[in-house]
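J.: The structure is given below, and queries will be raised subsequently.
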Amino acid sequence: MFQGIIKQLGLLEKRSRRSLVISPEKPWAFAKGESVAIDGVCLTVAGFTKKVCFFDLGEETVKKTTLGRLKSGDWVNIERPLRMGEPISGHIVLGHVDAVGRIQRSQKRNNSVLITLDIPAKDCLVAAKGCLAVDGISLTVNHVHRSNGRLSIDFCLIPETAHRTMLAHKKSGDLVNVESDYLFRLLKLSNVKT
């Protein structure tokens with residue numbers, strides 16, 4: 001389980017169909033078998049050296065996320081799992097991607113970045129002022145527009161988030177991993193009116 005607060009970036013050194021080799025920008029003591037979120041996707045550390053970390057990709061991960069589309073030289077968001085007793089600064093993120101969304105618009109305004117994301121309505125549970133994880137980043141949804149089975153979701157990256165993550169570097173047409181708020185999903189599954 002994660003919280004959507006990105007602590008570090010990593011450089012994709014190599015990708016094969018079923019594996020990633022990532023070099024964190026700062027030294028980080030990984031443990032074999034540890035869960036790590038890469039662009040919001042929960043992966044298991046398969047191995048590591050002093051400079052790189054190895055991850056295996058399952059077929060479902062390749063099909064349902066953006067990780068299978070990454071290229072050597074791409075930068076990714078990295079987050080370690082929550083530790084018991086650690087404060088939650090974002091929201092509960094599982095690393096189980098619901099949909100791949102497409103950036104419709106990314107516009108710098110003052111020190112912030114306004115982003116509009118397009119996703120199929122059937123693939124994501126979201127509400128205005130609720131939470132959404134985009135490439136693993138915990139974000140507050142500003143507005144949700146529904147039209148023709150699609151969702152257009154507006155959110156704002158504050159300067160700190162824009163600086164610490166790769167999302168501010170995305171442009172119109174780029175793809176991102178999207179995960180619905182876990183608590184919102186539980187409410188929907190239990191048929192509680194929201």
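J.: Every residue in the stretch 164-194 that is touching a helix residue (DSSP H, G or I) at 6+ places or on another chain (Cβ under 7 Å) and part of a loop (DSSP other than H, G, I, E, B), please.
T.: Within the stretch 164-194, Thr194 is the sole residue that qualifies.
J.: Which condition number does Val100 fail, the rest of (1) exposed (fewer than 11 other Cβ atoms within 10 Å of the Cβ); (2) assigned to a strand (DSSP E or B) being met?
T.: Unmet condition: (1).
J.: For residues in the stretch 15-40 being assigned to a strand (DSSP E or B) and aliphatic (A, V, I, L, M), which is nearest to Thr66 (Cα to Cα)?
T.: Restricting to residues being assigned to a strand (DSSP E or B) and aliphatic (A, V, I, L, M), the top hit is Ile38.
The rows are residues; the columns are (1) modelled with pLDDT of 95 or more; (2) buried (at least 18 other Cβ atoms within 10 Å of the Cβ).
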residue: Lys71; (1), (2): yes, no
residue: Val76; (1), (2): yes, yes
residue: Gly85; (1), (2): no, no
residue: Val93; (1), (2): yes, yes
residue: Ala121; (1), (2): no, no
residue: Lys129; (1), (2): no, no
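J.: Another question about this same structure. Among the residues of the stretch 1-49, which ones are out of contact with any Asp or Glu (no Cβ under 7 Å at 6 or more places or on another chain), in contact (Cβ under 8 Å) with a residue 24 or more places away in the chain and of a type in the set (D, E, K, R)?
T.: If the condition is that a residue be out of contact with any Asp or Glu (no Cβ under 7 Å at 6 or more places or on another chain), in contact (Cβ under 8 Å) with a residue 24 or more places away in the chain and of a type in the set (D, E, K, R), then Glu13, Lys14, Arg15, Arg17, Glu34 are the ones that fit.
J.: Separate question: Could you figure out which of (1) within 19 Å of Ile137 (Cβ to Cβ); (2) surrounded by 14 or more Cβ atoms within 10 Å (Cβ to Cβ) isn't true of Glu25?
T.: Of (1) within 19 Å of Ile137 (Cβ to Cβ); (2) surrounded by 14 or more Cβ atoms within 10 Å (Cβ to Cβ), only one is false for Glu25: (2).
J.: Checking Lys108 against (1) buried (at least 20 other Cβ atoms within 10 Å of the Cβ); (2) assigned to a strand (DSSP E or B): exactly one of these is not met. Which one?
T.: Only one criterion in (1) buried (at least 20 other Cβ atoms within 10 Å of the Cβ); (2) assigned to a strand (DSSP E or B) is unmet by Lys108, namely (1).
The values are calculated or read from the model by the stated rules, or taken from the named source; none is laboratory data. All values derive from a computational prediction rather than experimental measurement. Using ideal geometry, Cβ is built from the backbone for each residue, glycine included, and neighbour counts are taken over all protein chains shown.
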